[in-house]
Amino acid sequence: MSGTAGHGAKSEICDVEGCDKESERSISYKQVAKTSLSLKPGEHHSVHLCKEHYKSYKKESKQDREINSIY
């Protein structure tokens, strides 16, 4: 196999204000809106996050995600 990305080889850029790194994950806007991450202006259905901001998102939303997994 070649070294290019799989599905739709288009690479996205992180949607966090001031970040221009390549995104690792895509998450629902509603989930990210509950955190302190400030997003670039524009309409977002899903938010693209780089590795660093995804880690921040996971840290901030840990308790909320644990509660949701119980129900």
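What follows is calculated from the coordinates using simple rules that are stated; it is not laboratory data. What you are looking at is a predicted structure, and each value in this text was computed from that prediction instead of being measured. Positions of Cβ are generated from backbone atoms using ideal geometry, with glycine treated the same way; all protein chains shown enter the neighbour counts.
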Q: For Ser46, list long-range residues whose amide hydrogen, built 1.01 Å from N in the peptide plane, is under 5 Å from its own amide hydrogen.
A: Tyr29
**Q.** Only Lys, Arg (+1) and Asp, Glu (-1) charged, at Cβ; the chain dipole about Cα centre in debye
**A.** 240 debye
Q: Could you work out the relative contact order of the chain, using alpha carbon pairs under 8 angstrom and six or more residues apart, expressed as a whole percent?
A: 32 percent
Q | Sorted largest first, extent of the chain alpha carbons per principal axis (Å) | A | 41, 30, 20
Q. How large is ³J(HN,Hα) for each residue in the range 34-50, as worked out from phi by the Karplus curve 6.51 cos²θ - 1.76 cosθ + 1.60 (θ = phi - 60°), to whole Hz, x for Gly and Pro?
A. 7, 9, 8, 5, 9, 9, 5, x, x, 7, 10, 8, 10, 10, 8, 10, 6
Q. Helix 51-70 sits at what angle to the longest principal axis of the chain, using alpha carbons and giving 0 to 90 degrees rounded to 10?
A. 40 degrees
